[in-house]
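Have a look at the structure below before the remarks.
The values are calculated or read from the model by the stated rules, or taken from the named source; none is laboratory data. Source: prediction; values computed, not measured. All Cβ positions, even for glycine, are placed from backbone atoms using ideal geometry, and neighbour counts span all protein chains on display.
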C-alpha cells in the first residue's frame, strides 16, 4: 500500500477501507508508523502555513507546498 492509498483509506469511513488500513498496520508496523509520522508532519506544516497572517506570504507558502493542500 502506497502512502497516498494509505492516506485516502485512513480518512475513509467505509468498513473495507478501515479493515485494509488495520491489516496494513498489522502486517507492516514500521512502515505504518512512518506513514503516521509523515501525516502528522504534513498536518503540522499545513496548520503553520494556514496561521501565517500576511496574505501574500500565506499564498506563496501554499503555492510552494501545494501537495499538502490537495485532497
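Per-structure values
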{"item": "Condition met for residue 46 (out of contact with any helix residue (DSSP H, G or I) (no Cβ under 8 Å at 6 or more places or on another chain), assigned to a helix (DSSP H, G or I), without any contact (Cβ under 8 Å) to a residue 24 or more places away in the chain and surrounded by 13 or more Cβ atoms within 10 Å (Cβ to Cβ))", "result": "no"}
{"item": "Among residues of region 15-43, those that are outside any loop (DSSP other than H, G, I, E, B) and over 10 Å from the mean Cα position of the chain (by Cα), counted", "result": "19"}
{"item": "All positions within region 49-71 that are in a helix (DSSP H, G or I), within 18 Å of the chain's Cα centre (by Cα) and without any contact (Cβ under 8 Å) to a residue 12 or more places away in the chain", "result": "50, 63, 64, 66, 67"}
{"item": "Neighbours by Cβ (under 7 Å, 6+ apart or cross-chain): first from region 13-41, surrounded by 14 or more Cβ atoms within 10 Å (Cβ to Cβ); second modelled with pLDDT under 95 and outside any helix (DSSP H, G or I)", "result": "24/1"}
